[in-house]
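Computed from the coordinates by the stated procedures, all read-outs in this text should not be read as laboratory data. Every value quoted in this text rests on a predicted model; they were computed, and no experiment measured them. Here the Cβ positions follow ideal geometry from the backbone for every residue, glycine too, while neighbour counts run over all protein chains shown.
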Amino acid sequence: MDKLGVLAARVVEEALASGLSWDEAIVAFGIASKAIAVNAATQGNGTPEECIAHAQGRLQFGMEHSSEVLRALLS
């Protein structure tokens, strides 16, 4: 599994162990994604709005292309 898959697996494990509902865990991922995007903006990668929009697109991409990670988690 590549670095993205390893990180995704760790995040899923943490979310499942957190005691949050799946719905709450998804909200937490959104909050974390926005925080990462705002940090990227402070590092000169665009405006906060541009980085947040980019993050939203990448989240959608990840949801559409996650079959390898899912297979690894379920095996």
| query | Residue farthest toward the positive end of the dipole of region 3-74, with Cβ of Lys/Arg at +1 and Asp/Glu at -1: which of ALA8, ILE31, ALA53? | reply | ALA8
| request: Counting helices only, and only those DSSP H runs with n ≥ 4, report the 222 nm mean residue ellipticity of the chain as the sum of -39,500 (n - 2.57) divided by its residues, in deg cm²/dmol to the nearest 500. | output: -26500 deg cm²/dmol
| field | Dipole magnitude (debye, nearest 20) for region 3-74, charges at Cβ of Lys, Arg, Asp, Glu | value | 200
| message | Give me a comma-separated list of calculated 3J(HN,Hα) values for region 6-19, in order, Karplus coefficients 6.51, -1.76, 1.60 applied at θ = phi - 60°, integers in Hz, x for any Gly or Pro. | response | 5, 5, 4, 4, 5, 5, 4, 4, 5, 5, 5, 7, 6, x
| said: What does the extension gain come out to for SER18 and SER66, with contour length at 0.36 nm per residue minus their alpha carbon separation? | reply: 15.1 nm
| request: Note the listed values (i) 19, 15, 11; (ii) 28, 20, 7; (iii) 24, 15, 11, then indicate which one is semi-axes √(5λ) of the Cα gyration tensor in Å calculated from this particular structure. | output: (iii)
